[in-house]
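One structure, pasted below without further comment.
The values are calculated or read from the model by the stated rules, or taken from the named source; none is laboratory data. The model shown is predicted, which means the values in this text are computed figures rather than measured ones. Don't worry about glycine lacking a Cβ; one is built from the backbone with ideal geometry, like all the others, and counts go over all protein chains shown.
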Amino acid sequence: MSDIQESLKAANDFKDKMNENVKVRKLLKRWNPLIHFDAKDSDVKLTFKMSEGMAVSAEEGHVGDAELAVTFPTVNDLVDMFSGKLDPTPMYLSGDILVKGHQADVIKLDAITMIIWPEK
Amino acid sequence: MEIKPSEKKKDLLHRYAYRFGAMRVRTMSHLGLDIFETEREGCWSTDIDGRKILDALALQGVFNLGRRHPAIVAAMKKGLERLDLGNNFLMSEEQLTLADKLAATTPGNINCAFFSSTGSEAVDLAIKIARGYSGRSGIISANECYHGITGFALSTNSNPDYTEPFGPLMPGFSHVPFGDIDALRDEMSKDTAAVIFEPMIAEAGLLIPRDDFFSKVRELCDKNDTLLIIDEVVTGLGRTGKFWAIEHSKGVVPDIMISAKGLTAGMYPMAATMFTEEVADFFLTYPYCHYSSTGGSDLGCVVASAMIDIVNRPEFLQSINEKGKKLANGYEKLLKAHPSILESYGQIGMHTVLRLADPAGGFRMNRYLAEEGVFALLATNNTAAIRIQPPFVVSEKEIDQIIDALDGALKKMKIKE
């Protein structure tokens with residue numbers, strides 16, 4: 001599977017898991033960002049759209065004006081975050097993830113992974 | 001140095017996350033600040049795992065006199081022999097003594113006071129008094145400010161991290177860039193009850209306005225019949241080398257001043273809203289409009305009085321200025337050693353901030369400083385800034401340790417570039 005196929009699949013799985021989760025929908029019902037993701041070691045670019053606690057879409061490329069842009073060191077890290085294997089906050093705090101936009105939104109991404117994969 | 005928690009600490013962290021919030025624990029762990037304090041004395045505290053931490057923040061002024069200052073502990077013990085909260089429906093000699101001592105320090109005729117438990121409450125009261133006294137509703141604060149977490153105080157804040165989930169906030173609040181007198185003039189209207197500013201804003205990377213800023217603000221307020229509220233919660237009680245930071249603006253007399261945090265030297269929750277005799281007239285018509293059952297307790301007043309006796313002496317304030325200069329000398333060396341990492345610093349008395357080139361570098365510096373055994377904190381409204389505000393009782397040797405730790409942390413920042 002190519003980088004983009006793998007990333008897109010992970011992002012869509014993440015989207016589905018988010019939308020199935022009542023707690024995520026409730027806690028993030030006022031969070032409506034357009035988020036751009038990319039990775040330093042790859043051409044992979046993704047756009048993630050949230051609206052009223054639901055992940056509306058995860059698509060290839062950078063579409064629209066993002067409120068939040070997150071750059072991972074590697075495409076593997078990006079896939080790992082969408083798969084619940086990587087917490088974005090420590091990588092952000094250690095300077096490995098670059099964020100443009102409202103910094104506290106990274107914590108919201110982390111909170112989503114924490115709720116979806118509570119056993120982590 | 002990697003900080004590995006013991007099994008006992010892991011268990012405490014797990015339970016703490018359950019009771020007080022998992023994300024908070026996770027973030028603090030990543031910052032190297034997942035510390036359960038046990039012993040605490042002077043500028044030092046000890047983690048439950050035995051690790052000693054040198055305090056370079058003083059909890060933004062709460063621990064201005066360090067931890068468990070002997071004279072403060074003694075005053076509290078003595079007070080405990082005969083006092084408690086006090087009955088706030090009645091009068092209190094302890095409150096009166098503290099109000100006298102505060103009035104001897106404040107500029108102009110700020111001779112009246114009301115005591116509460118926290119800075120946020122004290123800010124809320126200041127805004128209530130301003131609205132009640134003026135009959136107007138407009139409150140102007142700085143974009144970069146932080147004045148507290150309760151109703152009116154929160155509404156002065158423009159940082160969405162604090163306000164976003166709680167909207168709509170109180171009506172009538174607006175913001176201007178700190179230090180911009182033209183913006184303030186444009187924002188003022190016939191409905192402006194008060195302008196509330198800190199004398200300088202460490203939360204934003206230590207913004208220090210031009211020398212004549214506050215005299216111009218005073219002028220504007222006078223012209224518009226608007227009250228000037230100065231929040232000295234962080235800057236007051238000696239932090240900037242003068243007892244009140246507004247004293248750096250010669251001749252400026254606010255209408256209302258607020259103090260909290262270090263007022264009781266970290267031994268008791270207490271805050272003060274202090275105001276002029278003219279503003280106090282408001283309470284002639286509304287004497288019981290504001291109340292606090294636990295605020296201004298007799299015990300707290302005794303402790304606060306002891307704090308003032310220690311700090312409000314010329315030689316003590318002089319020592320703060322000297323220690324501030326020693327910190328600044330250290331920062332100059334760090335600037336030369338790490339020109340691409342450390343952009344600048346701000347220093348006035350022992351109110352100091354380091355500004356990093358990386359816009360989010362404060363998080364990493366926080367972690368690296370914790371690894372070096374020093375507790376400091378990034379500025380809430382500027383993630384490129386690290387606040388260094390050690391207790392006034394810090395020794396020369398401990399200042400050297402703080403500078404060495406900063407040097408070590410900046411080296412790690414360089415490696416990460």
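Would you check if there is a residue in the stretch B:76-85 being crowded, with 19+ Cβ neighbours inside 10 Å and either aliphatic (A, V, I, L, M) or within 14 Å of another protein chain (Cβ to nearest Cβ) (or both)?
Let us first name the residues in the stretch B:76-85 that are crowded, with 19+ Cβ neighbours inside 10 Å, namely B:76, B:79.
Okay, now just the ones that are also either aliphatic (A, V, I, L, M) or within 14 Å of another protein chain (Cβ to nearest Cβ) (or both), so B:76.
Within the stretch B:76-85, one or more residues are crowded, with 19+ Cβ neighbours inside 10 Å and either aliphatic (A, V, I, L, M) or within 14 Å of another protein chain (Cβ to nearest Cβ) (or both).
Out of curiosity, is B:Leu356 within 14 Å of chain A (Cβ to nearest Cβ), crowded, with 22+ Cβ neighbours inside 10 Å, under 28 Å from B:Cys145 (Cα atoms) and touching a helix residue (DSSP H, G or I) at 6+ places or on another chain (Cβ under 6 Å)?
It is false that B:Leu356 is within 14 Å of chain A (Cβ to nearest Cβ), crowded, with 22+ Cβ neighbours inside 10 Å, under 28 Å from B:Cys145 (Cα atoms) and touching a helix residue (DSSP H, G or I) at 6+ places or on another chain (Cβ under 6 Å).
So that you can scan it fast, the table gives a plain yes or no per residue for (1) of a type in the set (Val, Ile, Thr); (2) in contact with a helix residue (DSSP H, G or I) (Cβ under 7 Å, 6 or more places away or on another chain); (3) touching a residue at least 12 places away in the same chain (Cβ under 8 Å):
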{"residue": "B:Cys145", "(1), (2), (3)": "no, no, yes"}
{"residue": "B:Ser155", "(1), (2), (3)": "no, no, yes"}
{"residue": "B:Glu164", "(1), (2), (3)": "no, no, no"}
{"residue": "B:Phe173", "(1), (2), (3)": "no, yes, yes"}
{"residue": "B:Ala183", "(1), (2), (3)": "no, no, no"}
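If you go through the stretch B:318-376, how many residues are touching a residue at least 60 places away in the same chain (Cβ under 8 Å), charged (D, E, K, R) and more than 22 Å from B:Lys397 (Cα to Cα)?
2
If the Cβ limit is 6 Å and pairs must be 6+ apart or interchain, which residue in the stretch B:124-137 that is more than 16 Å from B:Pro171 (Cβ to Cβ) pairs with which residue that is at pLDDT 95 or above and in a loop (DSSP other than H, G, I, E, B)?
From the stretch B:124-137, no pairs qualify.
Test B:Ile230 against the criterion of being outside any loop (DSSP other than H, G, I, E, B), surrounded by 24 or more Cβ atoms within 10 Å (Cβ to Cβ), out of contact with any Phe, Trp or Tyr (no Cβ under 8 Å at 6 or more places or on another chain) and outside the structural domain of B:Val393 (by TED's automatic domain parsing), and give yes or no.
On the way: outside any loop (DSSP other than H, G, I, E, B): yes; surrounded by 24 or more Cβ atoms within 10 Å (Cβ to Cβ): yes; out of contact with any Phe, Trp or Tyr (no Cβ under 8 Å at 6 or more places or on another chain): no; outside the structural domain of B:Val393 (by TED's automatic domain parsing): yes.
For B:Ile230, the condition - outside any loop (DSSP other than H, G, I, E, B), surrounded by 24 or more Cβ atoms within 10 Å (Cβ to Cβ), out of contact with any Phe, Trp or Tyr (no Cβ under 8 Å at 6 or more places or on another chain) and outside the structural domain of B:Val393 (by TED's automatic domain parsing) - is not met.
Condition check: away from every other protein chain (no Cβ under 13 Å), within 19 Å of the chain's Cα centre (by Cα) and among the polar types (S, T, N, Q). Does B:Asn381 satisfy that? Give the derivation first.
Numbers: away from every other protein chain (no Cβ under 13 Å): no; within 19 Å of the chain's Cα centre (by Cα): yes; among the polar types (S, T, N, Q): yes.
So B:Asn381 does not fit the description; no.
Continuing with this model, one more query. For the stretch B:6-38, enumerate the residues that are under 25 Å from the mean Cα position of the chain (by Cα), charged (D, E, K, R) and more than 14 Å from chain A (Cβ to nearest Cβ).
B:Glu37 - this is the single residue of the stretch B:6-38 that is under 25 Å from the mean Cα position of the chain (by Cα), charged (D, E, K, R) and more than 14 Å from chain A (Cβ to nearest Cβ).
Which of the residues spanning the stretch B:246-289 are part of a loop (DSSP other than H, G, I, E, B), surrounded by fewer than 24 Cβ atoms within 10 Å (Cβ to Cβ) and in contact (Cβ under 8 Å) with a residue 60 or more places away in the chain? I'd like the intermediate steps shown before the answer.
If we filter the stretch B:246-289 for residues that are part of a loop (DSSP other than H, G, I, E, B), which is where we start, we get B:249-255, B:260, B:265-270, B:276, B:281, B:286-289.
Cutting the leftovers down to surrounded by fewer than 24 Cβ atoms within 10 Å (Cβ to Cβ) gives us B:249-253, B:267-269, B:276, B:281, B:286-289.
The answer is B:Val252, B:Val253, B:Met267, B:Tyr268, B:Pro269, B:Thr276, B:Asp281, B:Tyr286, B:Cys289.
Buried (at least 19 other Cβ atoms within 10 Å of the Cβ), on the phi < 0 side of the Ramachandran plot, over 22 Å from the mean Cα position of the chain (by Cα) and assigned by TED's automatic domain parsing to the domain that holds B:Phe275, is that true of B:Met200? Step through it out loud before you land on a result.
Values: buried (at least 19 other Cβ atoms within 10 Å of the Cβ): yes; on the phi < 0 side of the Ramachandran plot: yes; over 22 Å from the mean Cα position of the chain (by Cα): no; assigned by TED's automatic domain parsing to the domain that holds B:Phe275: yes.
For B:Met200, the condition - buried (at least 19 other Cβ atoms within 10 Å of the Cβ), on the phi < 0 side of the Ramachandran plot, over 22 Å from the mean Cα position of the chain (by Cα) and assigned by TED's automatic domain parsing to the domain that holds B:Phe275 - is not met.
Give, as residue ranges, the strands (runs of 3 or more DSSP E) completely inside the stretch B:1-120 that count at least 3 residues that are of a type in the set (Asp, Glu).
Numbers: elements: B:37-41, B:44-47, B:52-55, B:112-116.
Correct list: B:37-41.
Checking A:Met50 against (1) over 23 Å from B:Lys412 (Cβ atoms); (2) part of a strand (DSSP E or B); (3) within 14 Å of chain B (Cβ to nearest Cβ): exactly one of these is not met. Which one?
(3)
Please determine, by comparing only the residues of the stretch A:20-47 that are loosely packed, with under 14 Cβ neighbours inside 10 Å and assigned to a helix (DSSP H, G or I), which one is farthest from the other protein chains (Cβ to nearest Cβ).
A:Glu20
In addition: Specify which of the listed residues (A:Leu86, A:Leu78) is buried (at least 19 other Cβ atoms within 10 Å of the Cβ), in contact with a strand residue (DSSP E or B) (Cβ under 7 Å, 6 or more places away or on another chain), closer than 27 Å to A:Ser2 by Cα and at pLDDT 85 or above.
Values: A:Leu86 fails: in contact with a strand residue (DSSP E or B) (Cβ under 7 Å, 6 or more places away or on another chain).
Of A:Leu86, A:Leu78, the one residue that is buried (at least 19 other Cβ atoms within 10 Å of the Cβ), in contact with a strand residue (DSSP E or B) (Cβ under 7 Å, 6 or more places away or on another chain), closer than 27 Å to A:Ser2 by Cα and at pLDDT 85 or above is A:Leu78.
When you go through B:Ala56, B:Ala99 one by one, which is the residue that is among the small types (Gly, Ala, Ser) and outside the structural domain of B:Arg367 (by TED's automatic domain parsing)? Quick ask: steps written out before the conclusion?
On the way: B:Ala56 fails: outside the structural domain of B:Arg367 (by TED's automatic domain parsing).
Within the list B:Ala56, B:Ala99, the selection yields B:Ala99.
Name the one entry in B:Ser292, B:Ser319 that is in a loop (DSSP other than H, G, I, E, B) and of a type in the set (S, T, N, Q). So that I can check it myself, show each step before the final result.
On the way: B:Ser319 fails: in a loop (DSSP other than H, G, I, E, B).
Result of the check over B:Ser292, B:Ser319: B:Ser292.
Using the structure shown, decide if B:Arg185 is modelled with pLDDT of 95 or more, surrounded by fewer than 17 Cβ atoms within 10 Å (Cβ to Cβ) and within 17 Å of B:Lys223 (Cα to Cα).
On the way: modelled with pLDDT of 95 or more: yes; surrounded by fewer than 17 Cβ atoms within 10 Å (Cβ to Cβ): yes; within 17 Å of B:Lys223 (Cα to Cα): yes.
Yes.
I need the full set of residues from the stretch B:375-412 which are in contact with an Asp or Glu (Cβ under 8 Å, 6 or more places away or on another chain), crowded, with 21+ Cβ neighbours inside 10 Å and among the polar types (S, T, N, Q), in order please.
B:Asn381, B:Asn382
What are the pairs with Cβ atoms under 8 angstrom where one residue, in the stretch A:74-97, is more than 7 Å from every other protein chain (Cβ to nearest Cβ) and the other, located anywhere, is in a loop (DSSP other than H, G, I, E, B) and hydroxyl-bearing (Ser, Thr, Tyr)? Sequence gap at least six, or different chains.
Going by the 8 Å Cβ cut-off, the qualifying pairs are A:Thr74/A:Ser42; A:Val75/A:Ser42.
Going by the structure shown, is B:Glu81 farther than 17 Å from B:Gly266 by Cα and without any contact (Cβ under 8 Å) to a residue 24 or more places away in the chain? If you could, list the steps in order and put the result at the bottom.
On the way: farther than 17 Å from B:Gly266 by Cα: yes; without any contact (Cβ under 8 Å) to a residue 24 or more places away in the chain: yes.
Criteria met by B:Glu81.
So, of the residues in the stretch B:359-374 that are among the hydrophobic types (A, V, I, L, M, F, W, C) and touching a helix residue (DSSP H, G or I) at 6+ places or on another chain (Cβ under 7 Å), which turns out to be surrounded by the most Cβ atoms within 10 Å (Cβ to Cβ)?
Taking the stretch B:359-374 and keeping what is among the hydrophobic types (A, V, I, L, M, F, W, C), we get B:360, B:363, B:365, B:369-370, B:374.
Filter once more, keeping what is touching a helix residue (DSSP H, G or I) at 6+ places or on another chain (Cβ under 7 Å): B:363, B:365, B:369, B:374.
Working: B:Phe363: 22, B:Met365: 27, B:Leu369: 30, B:Val374: 26.
By that ranking, first place goes to B:Leu369.
What are the residues in the stretch A:2-19 that are surrounded by fewer than 18 Cβ atoms within 10 Å (Cβ to Cβ) and part of a helix (DSSP H, G or I), if any? Please lay out each step first, then the result.
Taking the stretch A:2-19 as the starting set, the residues that turn out to be surrounded by fewer than 18 Cβ atoms within 10 Å (Cβ to Cβ) are A:2-6, A:9, A:12-13, A:16, A:19.
Hits for the stretch A:2-19 are A:Asp3, A:Ile4, A:Gln5, A:Glu6, A:Lys9, A:Asn12, A:Asp13, A:Asp16, A:Asn19.
Would you confirm whether or not the stretch B:192-200 contains a residue that is among the aliphatic types (A, V, I, L, M), modelled with pLDDT of 95 or more and in a helix (DSSP H, G or I)? So that I can check it myself, show each step before the final result.
Filtering the stretch B:192-200 for residues among the aliphatic types (A, V, I, L, M) gives B:193-196, B:200.
Keeping just the survivors that are modelled with pLDDT of 95 or more gives B:193-196, B:200.
Okay, now just the ones that are also in a helix (DSSP H, G or I), so none.
So far as the stretch B:192-200 goes, no, none of its residues is among the aliphatic types (A, V, I, L, M), modelled with pLDDT of 95 or more and in a helix (DSSP H, G or I).
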